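What follows is a set of notes on a single structure, which appears directly below.
The values are calculated or read from the model by the stated rules, or taken from the named source; none is laboratory data. Treat the numbers as computed from the prediction; the structure is a model and nothing was measured. Virtual Cβ from ideal backbone geometry, glycine too; neighbours counted across all protein chains shown. When the accessible area is computed, the model is the full protein with side chains, heavy atoms only, and any ligands, DNA or RNA have been set aside. Shrake-Rupley method; radii C 1.70, N 1.55, O 1.52, S 1.80 Å.
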Amino acid sequence: MRLPPEVQFHDDIRLFVWRPRGVLNDEAIEKVVGCLEDLEARSREPFNRFADTVAANEIELNFKYVIHVSLHRRLAYAGRPPVKSAILATDATAIHYGRLHALLTQGSPITVRVFQDREKTAQWLGVPIELLAMEPSAEKHE
């Protein structure tokens with residue numbers, strides 16, 4: 001499976017990484033959710049998620065859309081093993097939408113937390129900080 005350049009999957013540590021650039025909008029969210037759901041369908045083992053929104057310089061989302069996506073993810077992942085989903089955000093809007101997503105997925109197998117610090121994010125996910133600080137390479141990961 002070919003992944004877009006802003007997505008990496010580290011099979012060895014079971015971590016899905018998304019680093020959106022530029023505008024963070026519904027098109028970007030739909031693209032990454034589609035990719036995530038494809039990997040979930042193909043994978044026999046659960047995996048954690050990390051969204052590094054720091055390089056997103058504009059956010060064009062709204063409450064209705066975030067609620068829709070959050071409830072969709074809650075239903076789509078129902079009955080599966082627990083996973084962690086960390087969102088690294090420094091922009092006030094990204095933090096706000098991340099917290100809304102966390103609230104709406106409470107009680108589901110997806111535990112979402114929003115962080116403003118890369119080191120704390122790495123600790124919570126149980127991965128090396130260097131991995132979260134890495135820039136994606138130019139090649140696509142399969």
Could you tell me whether region 3-11 includes any residue that is open to solvent by less than 70 Å² (accessible area, probe 1.4 Å), modelled with pLDDT under 95, hydrophobic (A, V, I, L, M, F, W, C) and over 17 Å from Thr105 (Cα atoms)? yes
Sole miss for Ala78 among (1) surrounded by fewer than 17 Cβ atoms within 10 Å (Cβ to Cβ); (2) under 19 Å from Leu3 (Cα atoms) is condition (2)
Which condition does Thr90 not pass, out of (1) outside any strand (DSSP E or B); (2) under 12 Å from the mean Cα position of the chain (by Cα), if it passes all the others? (2)
I'd like the full set of residues that are farther than 19 Å from Thr105 by Cα and open to solvent by less than 20 Å² (accessible area, probe 1.4 Å), limited to region 18-34. Arg19, Pro20, Leu24
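Only one residue in Glu60, Glu135, Glu119 is open to solvent by 40 Å² or more (accessible area, probe 1.4 Å), at pLDDT below 95, at negative phi and of a type in the set (Asp, Glu). Which one? Give the derivation first.
Details: Glu60 fails: at pLDDT below 95; Glu119 fails: at pLDDT below 95.
Going through Glu60, Glu135, Glu119 in turn, the sole match is Glu135.
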